[in-house]
1. Could you please rank LEU29, LEU95, placing first whichever residue has the fewest other Cβ atoms within 10 Å of its Cβ?
2. Suppose every K and R has +1 on its Cβ and every D and E has -1 on its Cβ; what is the size of the dipole of region 10-179 about the Cα centre, in Debye to the nearest 20?
3. Using the number of other C-beta atoms within 10 angstrom as an exposure proxy, rank MET139, MET70 with the fewest first.
4. So if each residue of separation counts as 0.36 nm, and I subtract the Cα-Cα distance between LYS160 and GLN107, what length gain in nm does that give?
5. Using just the helices of the chain, give the 222 nm mean residue ellipticity in deg cm²/dmol: DSSP H runs with n ≥ 4 each add -39,500 (n - 2.57), and the total is spread over all residues, rounded to 500.
6. Filter the GluC sites (Glu not before Pro) in region 100-176 down to the DSSP loop ones having no more than 16 other Cβ atoms within 10 Å, then list what survives.
7. By counting other Cβ atoms within 10 Å of each Cβ, how are PHE152, PHE145 ranked from fewest to most?
8. Which is the longest part of the chain that has none of the trypsin sites (Lys or Arg not before Pro) sitting in a DSSP loop with at most 15 other Cβ atoms within 10 Å?
Amino acid sequence: MERHKFDLDQEMLEELSFEFDPVDFVKGLGLDDARSLEGNTASFEEYGRNLALSSIEKGERRPDRVYEVMNEAVAKTGEMKFPLVPQRYIELAYLGIQPFRRLWVVQNNSKVFSYKLNKCSVFDAITRWYGEKTATKMMCRAVCFALLKEIFAHFDFSIKASLEADMASNGRCQFKIEQE
């Protein structure tokens with residue numbers, strides 16, 4: 001009997017965690033003040049894009065049985081590639097850098113994918129290194145938007161992504177992705 005691996009490869013998540021440690025990223029910006037941080041959106045976007053690309057590369061190299069079955073179903077039916085396939089890589093990215101064990105999906109259908117983050121290590125790192133006032137400006141959202149754009153584009157989806165709630169105002173971030 002063939003043995004299947006159904007869970008995500010923990011070594012892969014540890015590699016992502018090491019490569020994209022949010023504290024190292026924020027400290028590594030080496031900026032003098034909060035104003036410099038606010039003007040550094042490109043660094044946040046690059047971090048998000050690189051995290052997405054690494055998640056895709058590692059995830060494609062180490063598929064689990066759940067992903068294999070999902071791809072077989074998508075190939076057979078021609079349906080649900082959006083959002084199921086990109087969702088896997090979004091989960092890989094977040095599980096690699098965040099202090100939680102699952103992504104909280106709010107909505108998941110052929111038109112909309114929505115999820116929330118009840119904790120965020122990037123937001124927390126900004127708060128720690130640059131203060132709460134700076135963190136509440138939510139520059140970190142550039143990481144998530146770049147991550148989403150890169151992953152969905154990799155799978156040939158044009159999307160509209162929005163932030164429906166944010167850590168500063170709501171104590172959580174909630175993203176909504178719609179297929180265009």
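1. LEU29, LEU95
2. Computed charge dipole of region 10-179: roughly 560 debye.
3. MET70, MET139
4. Difference between extended and current length: 17.6 nm.
5. Roughly -17500 deg cm²/dmol at 222 nm, from the helical runs in the chain.
6. The qualifying sites: there are none.
7. PHE145, PHE152
8. Here the longest run is 6-100.
Coordinate-derived values only; no laboratory data. Here the structure is a predicted model, which is why all the values come from computation and not from measurement. Cβ sites come from the backbone with ideal geometry, for glycine too, and all protein chains shown count toward neighbours.
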